[in-house]
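Down below is the structure, laid out as structure tokens.
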Amino acid sequence: MQRITTAVRFAASTCLRPATAPQAVRAVEAVRRAGWRFPGRTACLEESAATVLLLAARRLAVTWCHGVAADPVRLHAWVQTWDGTTVAEPDSTRSYTPVITIGDPHHQL
């Protein structure tokens with residue numbers, strides 16, 4: 001987890017402007033399509049981190065979130081635009097409370 005958060009923090013620090021919602025959705029979809037061909041694990045943690053890195057390559061920023069939901073305890077990672085809109089996520093993502101956010105414009109990049 002430390003390696004992922006370090007990479008995401010570094011990528012977020014290189015961004016010059018926020019990604020639009022369509023740009024962020026296209027990035028998530030591209031990462032998911034690539035994941036279908038990857039023989040290893042590609043779950044929410046890997047997908048969300050890869051999305052941040054993909055957008056950062058174009059100097060576009062999103063907020064990376066890692067959260068928790070209770071009963072039963074579940075973890076989830078996702079990206080959202082700077083206005084707080086989740087990107088390409090089901091409504092159930094709202095049941096997660098963000099524990100770590102990176103790239104939030106209201107906090108330090």
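Points worth noting:
- Applying the set (1) farther than 19 Å from residue 88 by Cα; (2) within 11 Å of the chain's Cα centre (by Cα) to residue 3 leaves exactly one unmet item: (2).
- Within region 53-99, considering residues that are in contact with a helix residue (DSSP H, G or I) (Cβ under 7 Å, 6 or more places away or on another chain) and among the β-branched types (Val, Ile, Thr), the one nearest to residue 1 (Cα to Cα): 79
- The listed residues are 6, 51, and the only one of them that is part of a helix (DSSP H, G or I), within 16 Å of residue 86 (Cβ to Cβ) and at pLDDT 95 or above turns out to be 51.
- Some residue of region 35-45 being assigned to a helix (DSSP H, G or I) and under 14 Å from residue 102 (Cβ atoms): yes
- Residue 42 being in contact (Cβ under 8 Å) with a residue 12 or more places away in the chain and among the hydroxyl-bearing types (Ser, Thr, Tyr): no
- Test: residue in region 23-38 that is touching a Pro at 6+ places or on another chain (Cβ under 9 Å) and over 20 Å from residue 93 (Cα atoms): no
- Scope region 41-65; condition in contact with a Pro (Cβ under 7 Å, 6 or more places away or on another chain) and surrounded by fewer than 18 Cβ atoms within 10 Å (Cβ to Cβ); matching residues: none
- Number of residues in region 71-106 that are buried (at least 18 other Cβ atoms within 10 Å of the Cβ), touching a residue at least 60 places away in the same chain (Cβ under 8 Å) and hydroxyl-bearing (Ser, Thr, Tyr): the value is 1.
- Residue in region 81-88 that is of a type in the set (D, E, K, R) and either touching a Gly at 6+ places or on another chain (Cβ under 8 Å) or not in a helix (DSSP H, G or I) (or both) present: yes
- As a summary of the residue check, residue 68 satisfies the conditions (1) of a type outside the set (S, T, N, Q); (2) surrounded by 19 or more Cβ atoms within 10 Å (Cβ to Cβ); (3) touching a Phe, Trp or Tyr at 6+ places or on another chain (Cβ under 8 Å); (4) outside any helix (DSSP H, G or I) except for the one numbered (2).
- Among residues of region 16-28 that are surrounded by fewer than 18 Cβ atoms within 10 Å (Cβ to Cβ), those with a beta-carbon under 8 Å from a residue that is assigned to a helix (DSSP H, G or I) and not β-branched (Val, Ile, Thr) at least six positions away or on a different chain give the pairs 23/55.
The values are calculated or read from the model by the stated rules, or taken from the named source; none is laboratory data. It should be emphasised that the depicted structure is a prediction, and the values quoted were computed from it without experimental measurement. Neighbour counts run over all protein chains shown; Cβ positions are idealised from the backbone, glycine included.
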